[in-house]
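Sharing a structure below in structure tokens format, with a few things to ask.
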Amino acid sequence: METPNNSLITPDARMGLAGAQPGAAATAAAGSSLGGAGADFGAFAQRVPVLNQFRSNPRVPLIIAAAILVMVVAGLVMWSRQPDYRVLFSNLSDRDGGAIVAALQQGNIPYKLSDGGGAILVPSEQVHETRLRLASQGLPKNGSVGFELMDNQKFGISQFAEQINYQRALEGELERTIGSISSVKSARVHLAIPKPSVFVRDKELPTASVMVNLYPGRVLDEGQVVAIAHMVASGVADMPVKNVNIVDQDGSLLTSQSAANGLDASQLKYVQQIEHNTQKRIDAILSPLFGAGNAHSQVSADIDFSKLEQTAESYGPNANPQATAIRSQQSSESSESTGGGASGVPGALSNQPPQAASAPIDAAASGAAASVKSTPKSERKDTTTNYEVDRTVRHYEQATGGIKRLSVAVVVNYEKKVDAKGNVTMTPLAADKLAQVQQLVKDAMGFDEKRGDSVNVVNSAFSTDLNVTPEAPWWRTPQMIAWGIQAAKYVGIGIVALFLYFSMVKPAMKRAFPPPPEIAPTLGAPDELSMLDGPAAEGAKKEDEDRDAEVSLLGHESKKAKFDRNLDYARMVARQDARIVATVVKNWVSDER
């Protein structure tokens, strides 16, 4: 028995059977490629008419491929247009997170949750506007309350409760202020305010404990620690700075370091500022002479931060004793005179009254005799004069931060010389020019020999030319990088779309809309006749020859003759293999349903 061959069907008959033949061929190919599973599915499809129609329709793969292409392209476009989400707030408590989410939903603002709900993300172009809007509503509260706690005081509140509320409000305000520092993520403040006492000896000073939670990779320098301590001490009455203790999230005490060694960050900054300013002046005066990058300087400053107070009192001799001023003068005079007193041997006889005079009394003679007998006077005169003495009182208070010594090191590159031929040579500087450079450096730094300043200028060839770093090319700018990323998205979408089109849509279109076959003028084409064997081939060839002769005589083929020829060809195929005709008829019936 001869093997049936589909090539026996003429092109016209094949066009008539095209609606059913591709479905059958696809079913046969699927069944042969999938093995037993394909055969089972094919048998199941034969029993279910809907699946049979679905499999026999040649446009189904095209529809599926087009739908997949549209879905993929639409998904990629939506993904490329998806807004870039940025963090709005992070490390929020459950209460603050719920309040913020409710506010975002009320304002129709899209948001996302990340880190297990610990961070809220919104589109990047709405971050700042959303923060301002939430700040107007008092969100987030960060778990601390400020002086708004005092707004809703209840009537009849006790003094103790009022004091506790005031302390809580003060702690909350300090926490908010410390949390506004860029390196601090959050802060907790604990105040210990003792009760006031009327006795001075029982008075206690308040203390404060501050715990700061820093961002990862950030630290607080000594200046910032001192600033936080002063801020807390200034916010609480009668609190000294030494009573403020600051601890970080790792449990390290930050206030003990600066208090132990007595160093201040401002002092180190002051030293660096002096060194930088001196170096800047030296480089500014050497750059025009040797060019940028051909002279480098380093400055080391020795600063005296000791504080000195001294009081001196000196006395000096008067320059002109005649013109000296009298400070004080004291004079005292005393005189003493004694008359005739009792004389003789003391006793009863000498105490008797005198006897009567035996001679006449002469007053003048008696007075002269009395003066002769009187004792002489004793006089005393003292004079004390104090003159002003030259006196000088001096009080010295030396300011901190005085420069004790400056050390400057300068290195200068060799001089570049170009000859007539254009050759470049590097030659050392002359001694006189090197001396001029040294003098310029001394004048720029304020050289003081009494202070012990030193300057060292060295002339040496540099290993490499230190040029200014060139600017980044235009294609490496942030704006161009952002445009490139955006363009890459669309290019990727186009590549995926083309891949899906050439791999799925185009083959499906070819299967759904095959090109029309070429109409042969004879019954069987040479290639078709060559595939037949036996009497069928000889009969077909003979019939073709007769028909060709008839067509050549008449010049054209009538419709009836063409129909008869196709009908005869179909009958011949049905006689050879009836299964093909049954399959075609079955597909026709399925299509009509």
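The values are calculated or read from the model by the stated rules, or taken from the named source; none is laboratory data. Keep in mind that what you see is a predicted model, and the values were worked out from it rather than measured. Because the Cβ atoms are built from the backbone with ideal geometry, glycine has one as well, and the counts that use them run over all protein chains shown. Areas reflect the complete protein model, heavy atoms only, side chains present, ligands, DNA and RNA absent. Shrake-Rupley method; radii C 1.70, N 1.55, O 1.52, S 1.80 Å.
Using a 1.4 angstrom probe on heavy atoms only, work out the carbon and sulfur share of the accessible area of region 82-142 in %.
47 percent
Region 184-251: Rg/Rh from Cα coordinates, Kirkwood Rh?
In region 184-251, Rg relative to Rh is 1.07.
In nm, give the distance between the simple-model label positions of Gln298 and Ile157, each being 7 Å from the Cα along the Cα-to-Cβ direction.
That separation, rounded to one decimal, is 6.3 nm.
Please give, to one decimal in nm, the separation of the simple spin-label points placed at Lys195 and Ser503, each 7 Å out from Cα toward the Cβ.
About 8.3 nm, to one decimal.
Among Arg131, Arg201, what's the order by accessible area (1.4 angstrom probe), most exposed first?
Result of the area sort, largest leading: Arg201, Arg131.
Can you give me the accessible area per residue for region 82-142, using a 1.4 Å probe, in Å²?
Heavy-atom accessible area per residue stands at 63 Å².
Which stretch or stretches of region 283-301 have amide N atoms under 12 Å from the point lying 7 Å from Ile403's Cα along the Cα→Cβ direction?
In region 283-301, the label zone of Ile403 (backbone N under 12 Å from the point 7 Å along Cα→Cβ) covers 299-301.
Within 12 Å, Cβ to Cβ, of Leu62, how many net charges do the neighbouring residues add up to if Lys/Arg are +1 and Asp/Glu are -1?
Here the count lands on +4.
Report the net charge of residues surrounding Gln82, where surrounding means a beta-carbon distance below 15 angstrom and charges are Lys +1, Arg +1, Asp -1, Glu -1.
+2
Report Phe305's accessible area, 1.4 Å probe, all protein chains in place, as a number in Å² to the nearest 10.
Surface accessible to solvent at Phe305 totals approximately 70 Å².
Determine, from the Cβ-Cβ distance of Val424 and Phe147 and an R0 of 56 Å, the FRET efficiency 1/(1 + (r/R0)^6), rounded to the nearest 0.05.
Using R0 = 56 Å, I get an efficiency of 0.15.
Please give the solvent-accessible surface of Arg451 in Å², to the nearest 10, using a probe radius of 1.4 Å with every protein chain present.
About 70 Å², ignoring ligands and nucleic acids.
Say each of Val393 and Ala431 gets a label point 7 Å from the Cα, pointing the same way as Cα to Cβ; how far apart are those two points in nm?
Label at Val393, label at Ala431, 6.0 nm between them.
In what order, largest first, do Glu171, Glu129 sit by accessible area if the probe radius is 1.4 Å? Don't skip to the end; give the middle numbers.
Numbers: Glu171 35, Glu129 105 Å².
Ranking Glu171, Glu129 by accessible area, largest first, yields Glu129, Glu171.
Right, something else. Is region 82-142 rounded, prolate or oblate when judged by the Cα gyration tensor, a ≥ b ≥ c being the square roots of its eigenvalues, rounded requiring a/c under 1.5 and prolate requiring a/b larger than b/c?
Cα axes put region 82-142 in the oblate bin.
Hey, which of these cross-link pairs are over 29 Å Cα-Cα: Lys269/Lys450; Lys280/Lys417; Lys195/Lys307; Lys112/Lys506; Lys280/Lys433? Let's see the in-between values first.
On the way: Lys269/Lys450 26 Å; Lys280/Lys417 27 Å; Lys195/Lys307 38 Å; Lys112/Lys506 40 Å; Lys280/Lys433 21 Å.
Checking Cα-Cα distances, Lys195/Lys307; Lys112/Lys506 exceed 29 Å.
Can I ask one more? If R₀ is 56 angstrom, what is the calculated FRET efficiency for the pair Lys242 and Ala487, using the beta carbon separation as r and rounding to 0.05?
FRET efficiency, Lys242 to Ala487: 0.35.
Something else about it: Measure up Lys185/Lys489; Lys185/Lys242; Lys154/Lys203 against 26 Å on the Cα-Cα distance and list the ones that go over.
Listed pairs above 26 Å: Lys185/Lys489; Lys154/Lys203.
Also: Provide the net charge surrounding Ala187, with neighbours chosen by a C-beta distance below 13 Å and charges set as Lys +1, Arg +1, Asp -1, Glu -1.
Every neighbour counted, the sum reads -1.
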